[in-house]
Structure formats: structure tokens, C-alpha cells
Amino acid sequence: MLSDLQLATLAELGDEHTADVGDLLYRVGDQRYPFIAIIEGEVAIVDAAGQEIIRHGPSRFLGELNLLSGQTVFVTAVVTQPLRYVAVDRDVMREVLFDDGPLSDLVLSTFIARREALQTVEGLGLQIVGPRSSDATMRMLDFARSNRLPFTWHDELPAEGEAPLVRVPGGAELRAPSRGQVLRAIGIGRELAPREEVDLLVVGGGPAGLGAAVYGASEGLDTLVIESTVLGGQAGSSRRIENYLGFPAGITGTELASRAVTQARKFGSRPATPYRAIALEPGDERHVVRLEEGHEIAARAVLLATGAEYRRLPVDGLHDYEGLSIFYAAGPPEAQLCGASRAGVVGGGNSAGQAAVWLARGGALVTLLHRRADLRETMSDYLVRELERYGVAVRDRSEIAALHGSDGHLEAVTLTSGERVPFSFLFLFLGARPCTDWLGDTVARDENGFILTGSDANADHLLQTSVPGIFAAGDVRSGSTKRCATAVGEGAMAVQFVHEHLRASADVRTPVI
Ligand SMILES: Cc1cc2nc3c(=O)[nH]c(=O)nc-3n(C[C@H](O)[C@H](O)[C@H](O)COP(=O)(O)OP(=O)(O)OC[C@H]3O[C@@H](n4cnc5c(N)ncnc54)[C@H](O)[C@@H]3O)c2cc1C
């Protein structure tokens, strides 16, 4: 609900209107609509088939995330009681949200909650038609899910043409489209020119990339961020990040990512999705990054922030538990959370051993599960001794086949042997694979493929790679701490080194008279 003061502020920025019962304020497929705050009356939100989803009355406001992203509208707003309302243009609204913290908090968290609710409404948003057996269909479903797009899936062959058929709200039909075509058809996704020239190109739109985007653009660099899937990176997929500074009650990955993207746009950086970098060609004045769909970006400096993919368990329903009772890191909050509970640590490496010891010291009843016959094949001896010392039970040749629990709270797992083992928490240390295959040997990498920086790469700056003007930040960097806050901090810090590099290269080019 908007306060009287907030309604008054909005009234000053927008125009007051009236509408009669049955009038449509916006409808499915519309490209634009203003921010609407209700003074008097009532509006129903209905889906394309006319099913009512919710009604809003006085002091409520309409809209969801598409008002900020520019996405096509998924629902229709129809007046159900004579209406008096304030309409504020979306560009004006964006500005207000940057300046007015409490209003921004209210509107953003409501929009995000509405988007999450819309994702659960059957028959809304994209319609994806294609059979389970079609890889392209399964990839499209995955893409819609990771982009948090409401969609309905029809598990059948399209009447004609290749699968999948994607129907966009408003009627357009796309046959076997690329992910970029879908995003652009619903109004999001920046269309890049075949060649772009920028000061700073950030490859990867996770916390490190977005951190660099905010600091780069706010400090005057023409900054472009390209992201192959969805802005927010791994952090965006976390159910609740508890250890991010400034959010004592925790924050969902979706909200952190949405706020970061809004902030990056506010300062004028340009996030572009979905574009995948496939090659890097270092140059003297500009480095060139080639993208999947044939585009090339020439940048005075490049920040590699492509992160790492944590190996996940190949079991059903994993996502429901991630961030709530299944974690990929064990720090103080997790140790506190697990005190006196049964926790399983999965993995045979030193990181799994350290986590098991740490959790056991925090009072958890810890069992370490690993695949091999003898833990000493993969874990350091001192850690194996520590496991004994702190009472960690070790199960050799153990793999998880299924998870059991509800509402994100784990209760037990079934092993491939068929045995059911009770666990309230699970920690996965199955290794992470850096997203660096596309770099070839253009920059120096460690034996696991992570990018070397600073003295390890014989570079002048802490975050510089073996090639001047190319930097790396976040999880993709060799030796980095795999945490959100560290990734954001490194992204921000990299911008300082970019400035130093650009100043130095300008000095080289300017002849001394
Ligand atoms: C389920 C889960 C929960 C987590 N919870 C926490 C937590 O509670 N607290 C915490 O501190 N940390 C947590 N982490 C770790 C944290 O999310 C990461 O440390 C952080 O996201 C790293 O940020 P990054 O920007 O370096 O990389 P990422 O977040 O991995 O972002 C990299 C981005 O680059 C994109 N990309 C990759 N290759 C290309 C390419 N070729 N072209 C274009 N784009 C590309 C990827 O799609 C991705 O979006 C969690 C991780 C997971 C998986």
C-alpha cells in the first residue's frame, strides 16, 4: 500500500485520470503502460483467457517487473469500480525509484513478488509447444525458467514446423527461435550493432560483472555488459543470501540481482542479454570480443567475469532446496544454522573435508559422503585425521540418488544403494568448472582453467591478467573466494585498475612535446 505522502508525491509527477467500469488500462501484449496508483475505485488483473488473478483498490498500485524491464505485458487490467488514478510515465518512475529509497523498496519488492506469483499462474506469458524428446524445447524451457519468465508448456509436437513453437503474449508466433529472438520479441534484450566500440566491456553479468558495471558507468566509462543467460549470475539463483552486507534478514538472489541491474542501468551502463562471448582477440589499442551471433565488441579494456559453474547433483528437485537447506559453501552462518542437526557433506576433496570439520566444530552431526573406496585418495591426511577428531562419520562409495523434504526443507536422502539417510542440511563440494573454455590460451590460466591475475600472471595490477588491459574478477579468477560480496568487491576494484590502464595507454599515445 502506498502512504498518503507517497500518493501525493506521485500525483505531482504524473497526471490524474478517471476510468469507467469495463475500461482496459492495459492488455496482454501491450508494449508500454504507465505506473498506475489508484486513488479511488478498483481494478481487476486478468489473464489472456479472462481468468481473474487479483483485484487492487485504493492506495494500491498496478504493474510488475515488466514496467521496469520494458517487457511485453502478460496480463490485462480492467476497471471493476469507477476509477480515479494517477498515471506516471515509466521513465519518470524509474528516476523517482532511484531517488526515493522507501518508495523504491516498496515498488521493487512488490514487483518481484508479483513476478514470482505470475510464474506460478498456469496459462500466462509465453506458450512453449514442443515434446519432451526435443532438446531445443527443453533448452527453451530452461531458458524461460532461468530468466524468470512466466510460461506454459504444451508437451506435444507443434502442428507444423520445427519444435519448439513459442507464442509470445499478444499473438506473435516464433518457430524454433533463438533465445535472443524470444527475448527481443517480448521487448527485453538489447539489440547490439554488428560492431560496438566501448571503453569497458564486461563479459558476464553476475555479481562481479554488475559490480564493475555500476562502478565503471558511475565513474564515466562507456560500459557494456554482455551476459549469455540471465543477469544476476549464480547469485540470482540463490533462494536467500544471508551473508551479504547490509541485508541482516537475508535477501533473495532474484531481488539482489534485480536491484543490481536497476542500479547498473541507472548509471548508464548497458547490459545486453543473451549474448555469449566465444572468442577474445587481444589488440594494442582495443581488444576484440566475438559473440555467438556474429557480433564483435572492440573495447579499450575487458573485464572477464564469467564465473564458474558449480557441479550440481543430478537429482530431481535440487533447486527447491538450494539456498535453504542445500548449500555450496559452509561459513559461519551455515555452521550456526546446522548446530545440533544432521548435516551431510558431499565430496572427497579438501574443501569438503574443511567444511565437514567446520560444521562439526559448530555442533552439527556431520556425515561425509564420497564416491571412492578410500578418502585418502583425494583428501589430505591431516584433514582425514581432523574428521576423526571431530567425530565426522565417513561413508565411502556413497552417492545420492534422491532428495526428500518439503518447502525447501530437506528431511532425508536416498543413496544409490537404496538406503535412506536422514539429513536436514546438505553441503555440496563437487568442484566448480570455470567458464573459460572460450578463452583458449589468450590469457594465462591455472591447471584447473581459472584465470591467473596479478603476480601469478606477471601482471602489474592485482586483477590484471597476463594481457595488459584484460582483467578478471569474481569466481572465474584463480584463488578467488567464491562469495557474492567478494565478487562484487573485485568487480568494483577492477574498475580502478581499468582507469589506471586507460590513463597509461593514453600517455603512451600522447607524444611529449
Ligand atoms: C545455489 C547457490 C547459492 C549461493 N549462495 C551464496 C550465498 O548465500 N552467499 C554467498 O556469498 N555466495 C553464494 N553463492 C556463491 C555466489 O553466488 C558466487 O560466488 C557469485 O555469484 C560469483 O559471482 P561472479 O560474478 O564471479 O560469477 P557468476 O555469478 O557465476 O556470474 C557469471 C556470469 O557470467 C555468465 N557467463 C559465463 N560465460 C559467459 C560467456 N562466455 N559470455 C557471456 N556471459 C557468460 C554466466 O551466465 C553468469 O551469469 C551461491 C552460489 C550458488 C550456486
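Computed from the coordinates by the stated procedures, all read-outs in this text should not be read as laboratory data. Here the structure is a predicted model, which is why all the values come from computation and not from measurement. Here the Cβ positions follow ideal geometry from the backbone for every residue, glycine too, while neighbour counts run over all protein chains shown.
Considering Cα pairs under 8 angstrom that are at least six residues apart, work out the relative contact order of the range 328-461 and quote it in whole percent.
Once divided by the residue count of the range 328-461, the mean separation gives 23 percent.
What residue among 305, 110, 340 has its Cα farthest toward the positive end of the dipole of the chain, where the charges are +1 on Lys, Arg and -1 on Asp, Glu, each on the Cβ?
Checked the options; the winner is 340.
With the Cα gyration tensor of the range 44-99 giving a ≥ b ≥ c as the square roots of its eigenvalues, does the rule (a/c under 1.5 for rounded; else a/b larger than b/c for prolate; else oblate) give rounded, prolate or oblate?
Since a/c reaches 1.5 but b/c is at least a/b, the shape of the range 44-99 is classed as oblate.
Using a ≥ b ≥ c from the Cα gyration tensor of the chain (square roots of the eigenvalues), is it rounded, prolate or oblate, where a/c under 1.5 gives rounded and otherwise the larger of a/b and b/c decides, a/b for prolate?
Oblate, since a/c reaches 1.5 and b/c is not below a/b.
Looking only at the range 320-345, which residues have a backbone nitrogen under 11 Å from a spot 7 Å from the Cα of residue 312 in the C-beta direction?
Within reach of a label on residue 312, which here means backbone N under 11 Å from a point 7 Å along Cα→Cβ, the range 320-345 contributes 320-323.
May I ask you to compute the full-extension gain from residue 53 to residue 219, defined as 0.36 nm times their residue separation minus their alpha-carbon distance, rounded to one decimal in nm?
Roughly 55.4 nm would be gained on extension.
Under the rule of at least 5 residues apart or a separate chain, name every residue whose amide H is placed under 5 Å from the amide H of residue 309.
433, 435
Which whole-Hz ³J(HN,Hα) couplings does the range 139-146 yield from phi under the Karplus relation 6.51 cos²θ - 1.76 cosθ + 1.60, θ = phi - 60°, glycine and proline marked x?
Couplings: 5, 5, 5, 4, 5, 4, 5, 6 Hz.
Out of the range 186-229, which GluC sites (Glu not before Pro) are coil in DSSP terms and have no more than 12 other C-beta atoms within 10 Å?
Hits after loop and neighbour filter: 191.
Under 5 Å between amide H atoms, partner at least 5 residues away or on a different chain: which partners does residue 272 have, H built in plane at 1.01 Å?
Counting only residues 5 or more places away or on other chains, the set is 225, 226, 227.
At 0.36 nm per residue, and after removing the present C-alpha to C-alpha distance, how many nm does the segment from residue 109 to residue 16 gain when stretched out fully?
Gain in length upon complete extension: 31.0 nm.
With an 8 Å Cα cut-off and a minimum separation of 6 or more residues, compute the relative contact order for the chain in percent.
Across the chain, relative contact order equals 11 percent.
For 86, 315, 366, which order do you get if you count the other beta carbons within 10 Å of each Cβ and list the fewest first?
Ascending Cβ contact count within 10 Å gives the list 315, 86, 366.
First check a/c for the range 342-419, with a ≥ b ≥ c the square roots of the eigenvalues of its C-alpha gyration tensor; if it is under 1.5, answer rounded, and if not, answer prolate when a/b is larger than b/c or oblate otherwise.
It is oblate, given that a/c is not under 1.5 and a/b is not larger than b/c.
Antiparallel DSSP bridges in the chain: what percent, to the nearest 5?
About 55 percent, rounded to the nearest 5.
Test of the criteria: in the range 427-508, which GluC sites (Glu not before Pro) are in a DSSP loop and have at most 10 other Cβ atoms within 10 angstrom of their Cβ?
Answer in residue order: 447.
With an 8 Å cut-off on Cα pairs and a minimum separation of 6 or more residues, tell me the relative contact order of the range 175-295 in percent.
Relative contact order, the range 175-295: 27 percent.
Using unit Cβ charges (K, R positive; D, E negative) and no other charged atoms, how large, in debye to the nearest 20, is the dipole of the chain about its Cα centre?
1000 debye
For residue 241, which sequence-distant residues (separation of 5 or more, or a different chain) have an amide H within less than 5 Å of its own amide H, given hydrogens modelled in the peptide plane?
For residue 241, the qualifying residues are 251, 252, 253.
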